[in-house]
Every structure is written in C-alpha cells, then in structure tokens.
Amino acid sequence: VFGHLLRSDIVDSLKNENFDLLVVEGFDFCGFLVAEKLGKPFVSTLPCTFGSVDFGLPSPISYVPVFSSLLTDHMDFWGRVKNFLMFMDFFMEQWKLYSTFDDIIKEHFQEGSRPVLSHLLRKPELWFVNSDFAFEFARPLFPNTVYIGGLMAKPVKPVPQVSKP
C-alpha cells in the first residue's frame with residue numbers, strides 16, 4: 001500500500017475521487033495512514049472482540065481482564081496483580097508494534113504533519129465491532145462504538161420435533 005503512496009499520480013487520483021468516507025479494517029494500520037494521507041474521514045471495522053490491540057478505549061485493569069489472561073471481571077488481589085503484569089507486557093508489545101510504523105510515517109508524511117499512530121486509532125467516526133456485548137466483559141465504551149456481532153451468521157434452523165412412542 002505505501003509503495004503506491006509514493007506515486008503522486010495515484011495519491012492525486014484518490015484525492016480527486018468524489019467519496020466522502022473510507023472504511024478501514026481495524027487490524028491493518030495501513031488503512032488508518034492512507035485515510036490520514038488522503039485527509040478523508042473514516043470508519044473502522046474490527047473483526048473480533050476488543051483486547052488484542054489498544055484502540056484507545058478505556059480499560060480499567062482493576063476489572064477489565066487483559067486479552068488472553070484467562071481472567072474474569074471478578075478478580076481477587078492476585079488476579080489483579082496478574083492482570084496488571086499482563087497489561088504491562090501487553091503495553092510493551094503494543095509499543096513495539098507502533099514503533100514499526102515510525103519509519104513508514106517518517107517516509108510518507110512531511111515534518112510537522114506526521115500523525116501519531118495511537119492518535120489515529122482514536123480517530124474513526126465509528127467503530128463497527130464484530131462481537132456482541134454478551135461476549136464482552138463490562139467495560140466503558142465510546143459512543144461511536146457499534147456492536148454488529150452475528151451480522152454474517154446464517155439463520156437458525158428450527159429444532160426438529162421428537163415424537164414420543
């Protein structure tokens with residue numbers, strides 16, 4: 001994707017298109033950078049539950065378990081200690097992930113107009129999350145978050161009737 005951003009003819013062609021909104025996929029940070037480069041508003045889809053990436057949502061670690069911690073929202077003291085330590089590990093991994101985009105941002109954005117990736121993740125007009133509140137732990141959400149879980153599910157077939165002999 002970013003090789004195309006070096007070509008000014010492609011960037012100019014996209015800027016001249018008459019579209020009002022981009023739809024980007026939440027795990028592909030390149031989409032966020034393309035939307036920023038084009039200066040267009042965007043919405044983002046997230047194909048799973050929250051937790052594997054920090055999207056700027058408040059996550060109080062005292063009762064929101066870290067992704068893959070196998071904890072619930074009812075933690076005792078040691079559960080909260082484990083959750084805190086896993087949060088710190090998650091934070092370091094997240095920082096490494098964000099830092100891989102630093103060179104890309106420096107290469108494709110001019111000095112003074114360089115976006116910060118963590119800020120771009122908070123910028124979508126709407127977040128469409130392919131999950132359901134019934135599968136998530138209670139957590140604060142921004143008003144621009146919409147659960148669309150089950151959108152691609154097939155209709156349920158009726159249970160066959162069993163006759164008694």
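The values are calculated or read from the model by the stated rules, or taken from the named source; none is laboratory data. What you see is a predicted model, and the numbers here were worked out from it, not measured in a lab. Heads up, the Cβs are rebuilt from the backbone with ideal geometry, glycines too, and the neighbour counts pull from every protein chain shown. When the accessible area is computed, the model is the full protein with side chains, heavy atoms only, and any ligands, DNA or RNA have been set aside. Shrake-Rupley method; radii C 1.70, N 1.55, O 1.52, S 1.80 Å.
Side notes on the structure shown:
- One residue from S68, S131 being small (G, A, S), outside any helix (DSSP H, G or I), open to solvent by 60 Å² or more (accessible area, probe 1.4 Å) and under 29 Å from A153 (Cα atoms): S68
- Residue in the stretch 77-84 that is outside any helix (DSSP H, G or I) and either surrounded by fewer than 12 Cβ atoms within 10 Å (Cβ to Cβ) or in contact (Cβ under 8 Å) with a residue 40 or more places away in the chain (or both) present: no
- Of the residues making up the stretch 153-165, at least one is hydroxyl-bearing (S, T, Y) and more than 22 Å from V66 (Cα to Cα).
- In the stretch 28-45, the residues that are of a type in the set (D, E, K, R) and touching a residue at least 12 places away in the same chain (Cβ under 8 Å): E36, K37, K40
- Within the set I61, I104, the sole residue that is aliphatic (A, V, I, L, M) and either over 22 Å from P140 (Cα atoms) or at pLDDT 85 or above (or both) turns out to be I104.
- Among the residues of the stretch 94-106, the one identified as loosely packed, with under 12 Cβ neighbours inside 10 Å and either in contact (Cβ under 8 Å) with a residue 24 or more places away in the chain or among the acidic types (D, E) (or both) is D103.
- Complete set of residues in the stretch 15-29 that are of a type outside the set (K, R) and surrounded by fewer than 16 Cβ atoms within 10 Å (Cβ to Cβ): N16, E17, N18, F19, D20, L21, V23, E25, F27, D28
- S163 being without any contact (Cβ under 8 Å) to a residue 60 or more places away in the chain, more than 24 Å from I61 (Cβ to Cβ) and open to solvent by less than 70 Å² (accessible area, probe 1.4 Å): no
- For the stretch 149-158, the criterion of being open to solvent by less than 60 Å² (accessible area, probe 1.4 Å), in contact (Cβ under 8 Å) with a residue 24 or more places away in the chain and within 18 Å of the chain's Cα centre (by Cα) is satisfied by no residue at all.
- Restricting the stretch 38-55 to residues that are in contact with a helix residue (DSSP H, G or I) (Cβ under 6 Å, 6 or more places away or on another chain) and farther than 16 Å from L97 by Cβ, the residue that is modelled with the highest pLDDT is F42.
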